[in-house]
Amino acid sequence: MQIRPYLAADEAAIIDLWQACGLTRPWNDPKKDIARKLTEQPELFLVGDVDGRPMASAMVGFDGHRGWVYYLAVHPDHQRRAHGRRLMAHAEQLLIERGCPKINLMVRTGNSKVIDFYRSLGYAQDEAVSLGKRLIPDL
Ligand SMILES: CC(C)(COP(=O)(O)OP(=O)(O)OC[C@H]1O[C@@H](n2cnc3c(N)ncnc32)[C@H](O)[C@@H]1OP(=O)(O)O)[C@@H](O)C(=O)NCCC(=O)NCCS
């Protein structure tokens with residue numbers, strides 16, 4: 001897998017990937033999510049190519065205090081080949097280079113396989129409750 005920044009030509013393939021991985025939700029418009037990311041640290045929106053085709057993604061950001069990772073995805077046909085591990089290692093390295101001291105990330109309740117994945121990478125559950133407030137409705 002070759003890891004590189006997202007390019008405009010990737011949009012349809014990345015949305016297909018997120019759908020194949022079950023990451024899209026009715027209240028999140030993936031096109032708007034991509035467009036917003038391209039206005040902030042676009043170089044941290046990572047794509048993994050397998051045989052020249054986008055098969056993995058990670059939307060990474062550093063807010064000045066913590067690093068965040070969204071839309072981590074490896075296409076189901078390519079899972080369990082260490083692509084997810086490599087993508088996260090790459091994301092961690094980019095954040096370390098920016099002086100970011102810690103990564104936070106959210107996993108939807110019940111997604112126990114992904115929790116096992118993150119635990120195998122050294123992530124642990126924080127004693128914190130995740131709260132959210134929608135500021136701009138997408139739909
Ligand atoms: C989470 C995800 C990115 C992992 O990608 P991957 O390339 O399959 O993961 P890796 O091959 O790098 O796995 C590394 C280790 O994580 C653990 N792991 C990965 N998938 C696992 C699973 N389904 N169940 C249990 N452990 C798992 C294993 O310890 C694995 O090492 P091993 O294969 O040597 O046993 C992938 O499953 C995915 O895209 N899932 C759907 C989208 C999603 O839910 N993303 C997270 C949003 S928060």
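Here are the numbers for the structure shown:
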| read-out | value |
| --- | --- |
| Unit charges on C-beta of K, R, D, E only; dipole of the chain, Debye | 280 debye |
| Solvent-accessible area of W68 with every protein chain in place, 1.4 Å probe, in Å² to the nearest 10 | 70 Å² |
| Mean separation of Cα contacts under 8 Å, 6 or more apart, over the residue count of the range 2-120: relative contact order % | 23 percent |
| Listed residue pairs exceeding 23 Å between alpha carbons, taken from K113/K133; K31/K113; K37/K102 | K113/K133; K31/K113 |
| Average silhouette area of the range 15-139, convex hull of alpha-carbon atoms, in square nanometres | 8.4 nm² |
| Accessible-area order (highest first, 1.4 angstrom probe) of the listed residues I96, I115 | I96, I115 |
| Gyration tensor (alpha-carbon) shape descriptor, the range 1-69, a/c threshold 1.5 | oblate |
| Protection-proxy order for peptides 23-33, 79-89, each taking the mean of Cβ atoms within 10 Å per residue, highest first | 79-89, 23-33 |
| Amide H partners (placed H, <5 Å) of F45, local residues excluded | Y6, V60 |
| Fraction of accessible area attributable to carbon and sulfur, the range 60-107 (%, probe 1.4 Å) | 50 percent |
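The values are calculated or read from the model by the stated rules, or taken from the named source; none is laboratory data. Given the structure is predicted, the values throughout are model-derived calculations rather than measurements. Counting neighbours? That spans all protein chains shown, and the Cβs are built from the backbone with ideal geometry, glycine included. Each accessible area value is taken on the protein alone, full model and side chains, heavy atoms only, with ligands, DNA and RNA left out. Shrake-Rupley method; radii C 1.70, N 1.55, O 1.52, S 1.80 Å.
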